[in-house]
1. From the residues in region 130-163 that are more than 13 Å from the chain's Cα centre (by Cα) and among the β-branched types (V, I, T), which one is farthest from G33 (Cα to Cα)?
2. Identify, please: which residue in region 53-101 is in contact with a Lys or Arg (Cβ under 7 Å, 6 or more places away or on another chain) and of a type in the set (S, T, N, Q) and is, among those, modelled with the lowest pLDDT?
3. What strands (runs of 3 or more DSSP E) lie completely within region 277-323 and have 3 or more residues being under 30 Å from Y55 (Cβ atoms)?
4. Picking from Y55, Y95, which residue would you name as being closer than 21 Å to D321 by Cα, in a loop (DSSP other than H, G, I, E, B) and of a type in the set (S, T, Y)?
5. Inspect region 246-258 for any residue being assigned to a helix (DSSP H, G or I), without any contact (Cβ under 8 Å) to a residue 60 or more places away in the chain and acidic (D, E) and give the result as yes or no.
6. Can you tell me which residues in region 1-29 are more than 16 Å from the chain's Cα centre (by Cα), of a type outside the set (F, W, Y) and more than 17 Å from L84 (Cα to Cα)?
7. Restricting attention to region 1-52, which residues are out of contact with any Pro (no Cβ under 6 Å at 6 or more places or on another chain), among the hydrophobic types (A, V, I, L, M, F, W, C) and assigned to a strand (DSSP E or B)?
8. From the set of residues in region 327-360 that are among the charged types (D, E, K, R) and part of a helix (DSSP H, G or I), which is nearest to D46 (Cα to Cα)?
Amino acid sequence: MPGSSFGKAFTLTTFGESHGVALGAVVDGCPPGLALTEADIQADLDRRRPGRSKYTTRRQEADQARILSGVFEGVTTGTPIGLLIENTDARSRDYANIKDLYRPSHADFSYDEKYGIRDYRGGGRASARETAMRVAAGAIAKKYLSVRHGARIRACVSQVGELCAQSFEWDTVEENPFFCPDPALIEPIAELIDRLREAGDSTGATITVMAENVPAGLGEPVFDKLDAEIAAALMSINAVKGVEIGEGFGVASMVGSAHRDQMSESGFESNRAGGILGGISTGEPIIARIALKPTSSIAKTGRARTRTGEVVDLATTGRHDPCVGLRAPPIAEAMVSLVLMDHWLRQAGQNGREVSLIDR
């Protein structure tokens, strides 16, 4: 019930706060025999970590992952995998002045209402720093899905503010600091982020995530629909305020004859459904988009409220991203990977598929 665990067959439980000693996770349900090292996990953590470029937060964290259990002689054992990342660059003093304040558009007020206490240091558990453990766990799921099925899960920043990608060149995504698939947008995004930082403001973003070579048949037909669980997983990411699968909200203005994915001898002729029909994967690429709100922690003065009800002017200090979406693609990839891994194991359990990678 407390809400820090995810999944049914492949489960993730995370712990830790933004300015605590460390972040940690327990991954349970990973099949035995998967070759796994800390380097496999570190690659995605490095893509997400703070201080990766001058366009993100200036907090410098190595985000060095340690595997504490569940791996022996370089392969998973089938037992719980313990993961740990130490916090090494926390500056709690930056938040001392807001310990009795509710910042606008933050979780300060809601956490206090729920628990009667909150960790005000960098947002505590509500901080996007918590997503580091999701990325670490997602790297395990992503590797298994790749080894078992050749599945590929990748994401990009398809919009920053009003700048929208007009082309999708996936090879470009990892070659620029914005995970942007449109080479023509790199310079405009850089100029926008510089202007926002100078003005003490922020902007939102849209992330597009695609999962290819996903086997057909994953998902449950009623309450645990694959698209419903992907949507829930993506919505659980900090700052996400909207999720679309396939054509998403665009379907509202379409007619049925234009929206339907017609079929031929070779399969589907289009993929407006985003790879999922009736809550079950079709084998077509799964496509989702998420919208992230502008960073709430900005230097522009806004109205805040104290715990006693007094309204005050507040400008947030500290080290923050002018656009939180710029580090979100690895997080979106991780959440989709976790859902797919969970549903693959559930499908295997129900229909007798082999899940172990051990050569018997």
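1. Filtering region 130-163 for residues that are more than 13 Å from the chain's Cα centre (by Cα) and among the β-branched types (V, I, T), the one farthest from G33 (Cα to Cα) comes out as V160.
2. S92
3. In region 277-323, 286-292, 302-306 are the strands (runs of 3 or more DSSP E) which contain 3 or more residues that are under 30 Å from Y55 (Cβ atoms).
4. Working: Y95 fails: in a loop (DSSP other than H, G, I, E, B).
Step by step, each of Y55, Y95 is checked, and only Y55 is closer than 21 Å to D321 by Cα, in a loop (DSSP other than H, G, I, E, B) and of a type in the set (S, T, Y).
5. Filtering region 246-258 for residues assigned to a helix (DSSP H, G or I) gives 248-253, 256-258.
Next cut, without any contact (Cβ under 8 Å) to a residue 60 or more places away in the chain only: 248-253, 256-258.
If we keep only those that are acidic (D, E) too, we end up with none.
For region 246-258, residues assigned to a helix (DSSP H, G or I), without any contact (Cβ under 8 Å) to a residue 60 or more places away in the chain and acidic (D, E): absent.
6. Those that are more than 16 Å from the chain's Cα centre (by Cα), of a type outside the set (F, W, Y) and more than 17 Å from L84 (Cα to Cα): M1, P2, G3, K8, A9, G29.
7. Pass one, region 1-52, residues out of contact with any Pro (no Cβ under 6 Å at 6 or more places or on another chain): 1-25, 27, 29-43, 45-46, 49-52.
Now restrict to residues that are among the hydrophobic types (A, V, I, L, M, F, W, C): 1, 6, 9-10, 12, 15, 21-23, 25, 27, 30, 34-36, 39, 41, 43, 45.
The answer is F6, L12, F15, A22, L23, A25, V27, A35.
8. First, the residues of region 327-360 that are among the charged types (D, E, K, R): 327, 333, 342, 346, 353-354, 359-360.
From what is left, the residues that are part of a helix (DSSP H, G or I) are 327, 333, 342, 346.
Values: R327: 10, E333: 14, D342: 24, R346: 30 Å.
Looking at the filtered set, the residue picked out is R327.
The values are calculated or read from the model by the stated rules, or taken from the named source; none is laboratory data. Note that the structure is predicted; figures quoted are calculated from it, not measured. Here Cβ is always computed from backbone atoms with ideal geometry, including for glycine, and neighbour counts include all displayed protein chains.
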